[in-house]
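Q: Just passing along the structure, written as structure tokens.
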Amino acid sequence: MAKDPSPGALDTRFFGHPAGLSTLFFTEMWERFSYYGMRAILLLFMTTSATQGGLGWDAAKAGPLYGLYTAMVYLTALPGGWIADRLIGQRRAVFVGGVIIALGHLSLTFHGMPTFFLGLLLIVMGTGLLKPNISTMVGTLYTPEDQRRDSGFSIFYMGINLGAFIAPLVCGYLAQSAGFKEFLVGMGWRAEDSWHWGFGAATVGMGLGLVQYALGSRRLGNAGLVSETRDLGVYRKDLKIFLMVVGGAVLAIATLAGLQAAGVLQLTADGIVAFVGWAIVIFPLVYFVFLLTQKGWTPAERRRLGAIVLFFLFAALFWAVFEQAGSTLTLFAERNTQTSLLGFEFPSSWFQSVNSLFIIFLLGPFFAWLWIKLGSREPSSPSKFAFGLFCASAGFIVMILAAKASGPENLRVSPMWLLSVYFIHTIGELCLSPVGLSSMTKLAPAKVAGQMMGVWFLAAAVGNFLSGQAAGFFESLALDQLFFRMTMVGLAFTVLAIVLIKPIKKLMGGVH
């Protein structure tokens with residue numbers, strides 16, 4: 001007997017899509033507001049002198065730490081997906097993650113290194129629970145045959161970028177603008193505390209997202225709920241594994257801290273960053289070997305997992321180039337770019353809104369229309385990945401020219417250089433990121449759906465770490481040489497992606 005179509009397949013209440021998409025859209029919008037608002041000012045806060053309220057670190061120290069933090073935000077998506085799949089379900093994981101994120105941003109509003117690192121840790125943990133599982137829930141609103149799926153993910157992606165567009169404008173203004181600093185002084189507060197007001201705005205954003213999610217949960221139907229028929233024996237086994245892993249991690253940290261306090265072991269912040277960072281790069285290799293060698297996969301599932309591995313590789317390299325927006329491009333904006341346009345002065349962190357500005361008001365609607373207009377002539381997912389990699393590389397060709405215009409004297413160049421880079425990179429992002437999200441939901445075997453979404457964000461983790469490593473050379477390597485090396489790496493993987501288009505399509509087995 002044929003099954004009835006899911007409610008989502010018939011629901012067109014949100015611009016022709018299921019009503020639950022509106023709840024997930026606005027929840028993700030506010031979560032991204034909190035994340036990108038904090039991210040817009042994080043590296044600047046770390047590299048600003050202590051007399052101006054920052055930490056006073058150089059780029060060689062701040063860049064890798066920034067890269068490790070942003071990498072960990074995405075790395076924890078993998079255990080976050082596992083926890084949702086095996087223990088609490090996507091619906092509950094999103095809410096718990098949002099609460100932890102809000103507490104992390106709140107911690108950053110206080111002075112002191114302990115609260116600074118505690119805040120980063122909480123945001124990492126909370127994002128790992130929220131981000132992969134909210135994306136998985138978007139996929140469950142549609143049947144596998146529903147042709148609205150890619151369009152739905154594009155709309156969801158617009159929510160991400162709406163939050164990312166507003167966040168640097170608000171948080172950057174509070175943290176950097178002379179006008180707000182004057183306001184603080186007028187109120188009897190310290191001007192250098194403006195950074196913490198920027199972090200505070202991110203706290204408010206996540207709080208609004210949680211309220212909206214709770215109020216709109218009725219629109220989600222059964223999406224993200226734990227199955228009432230799941231095997232309790234398997235549940236208890238998974239819970240035991242989870243508690244053992246958490247207990248082991250706590251014991252290991254406590255042991256290292258004790259050895260450090262006793263003088264037996266000398267751990268440095270730079271050493272920890274390097275060790276954990278390269279472990280992030282190695283971990284995906286171990287995970288994929290473990291996954292592919294497991295028994296129980298059908299031949300079609302195993303081939304599709306092979307396609308996921310290749311998509312992972314290309315996505316990681318794309319993000320390594322693209323995520324320079326928060327590191328090297330941010331430092332270039334602060335130190336080498338005119339922060340005025342048509343006579344209007346603005347904080348350098350505002351450049352980080354440009355990418356989302358292009359997506360929301362120009363390129364996002366265009367690409368959403370284009371894929372539908374092309375119909376059967378729409379390029380395949382591997383082809384879109386290859387073009388995305390090319391755009392990432394092309395953007396840094398522009399940066400080579402911008403660095404030469406700035407010269408060894410570090411002259412401030414026109415903001416049009418960075419605007420051009422963001423335009424090119426945005427085209428590449430729209431060819432790769434929403435397509436990758438959709439591909440993961442279509443290629444992933446059902447029993448590891450949450451984990452595969454975590455794998456997608458794991459690619460961003462690797463890319464962000466490599467991006468931070470590159471930022472560490474900002475002050476020690478000529479900028480045109482730094483950008484040239486990024487360009488060459490990107491172009492090499494573009495060529496590889498083009499060569500592998502047909503083999504990947506075969507592995508996908510008819511999935512577009």
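The values are calculated or read from the model by the stated rules, or taken from the named source; none is laboratory data. Predicted, not measured: the structure shown is a model, and the values here were computed from it. SASA here: full protein model, heavy atoms, side chains in, ligands and nucleic acids out. Shrake-Rupley method; radii C 1.70, N 1.55, O 1.52, S 1.80 Å.
Q: So how much slack lies between K404 and Q481, counting 0.36 nm per residue of separation and subtracting their Cα-Cα distance, in nm?
A: Value of the extension gain: 26.8 nm.
Q: Enumerate the calculated ³J(HN,Hα) couplings along the stretch 339-356 in order (Karplus 6.51 cos²θ - 1.76 cosθ + 1.60, θ = phi - 60°), each rounded to whole Hz, writing x wherever the residue is Gly or Pro.
A: Whole-Hz 3J(HN,Hα) from phi for the stretch 339-356: 9, 8, 8, 6, x, 9, 8, 9, x, 5, 5, 5, 4, 6, 8, 5, 4, 5.
Q: Report, by chain and number, residues whose modeled amide H sits under 5 Å from the one on T337, excluding near sequence neighbours (fewer than 5 apart, same chain).
A: V413
Q: Return a whole-number percent for the relative contact order of the stretch 118-257, with Cα pairs under 8 Å and 6 or more residues apart as the contact set.
A: Once divided by the residue count of the stretch 118-257, the mean separation gives 19 percent.
Q: Where Rh is the Kirkwood radius over the Cα pairs of the chain, the temperature 25 °C and the viscosity 0.890 mPa s, what D in µm²/s does Stokes-Einstein return?
A: The estimated diffusion coefficient comes to 104 µm²/s.
Q: Let me ask you something else. Roll a 1.4 angstrom probe over the protein heavy atoms and tell me the percent of accessible area of the stretch 1-126 that is carbon or sulfur.
A: About 69 percent, which is the carbon plus sulfur part of the accessible surface.
Q: Quick one: 3J(HN,Hα) in Hz for the stretch 367-378, Karplus 6.51/-1.76/1.60 with θ = phi - 60°, rounded, Gly and Pro as x.
A: 5, 4, 5, 4, 4, 6, 4, 5, x, 5, 8, 4
Q: Let me have the 222 nm mean residue ellipticity of the chain computed from DSSP H runs of 4+ only, each contributing -39500 (n - 2.57), with the sum over all residues rounded to the nearest 500.
A: Rounded to the nearest 500, the figure is -25000 deg cm²/dmol.
Q: Could you give the angle, 0 to 90 degrees to the nearest 10, between helix 479-499's Cα long axis and the longest principal axis of the Cα atoms of the chain?
A: 10
Q: Residues of the chain: accessible area per residue at 1.4 Å, in Å²?
A: Normalised by residue count, the accessible surface of the chain is 44 Å².
Q: Something else now. Which of the three applies to the stretch 377-512, rounded, prolate or oblate, going by the alpha-carbon gyration tensor with a ≥ b ≥ c and a/c under 1.5 meaning rounded?
A: prolate
Q: Let me ask another. Report the full-extension gain for the segment L121 to L419: residue separation times 0.36 nm, less the Cα-Cα distance, to one decimal in nm.
A: Between L121 and L419, full extension yields 104.0 nm more.
Q: L215 to V281: extension gain in nm, 0.36 nm per residue of separation minus the Cα-Cα distance?
A: Roughly 19.8 nm would be gained on extension.
Q: Output the pairs from K373/K502; K131/K181; K181/K404; K131/K404; K131/K240 with a Cα-Cα distance over 28 Å in this structure; if there are none, say none.
A: Checking Cα-Cα distances, K131/K181; K181/K404; K131/K404 exceed 28 Å.
Q: So, one more: So what are the ³J(HN,Hα) numbers for the stretch 35-46, from phi and the Karplus equation (6.51, -1.76, 1.60; θ = phi - 60°), rounded to whole Hz, Gly and Pro as x?
A: 6, 6, x, 5, 5, 4, 10, 5, 5, 5, 4, 5
Q: Determine which aspartates and glutamates satisfy two conditions relative to K442: a Cα distance under 19 Å, and not lying fewer than 8 residues away in the same chain.
A: Cα-Cα hits under 19 Å: D85, E145, D146, D150, E301, E378.
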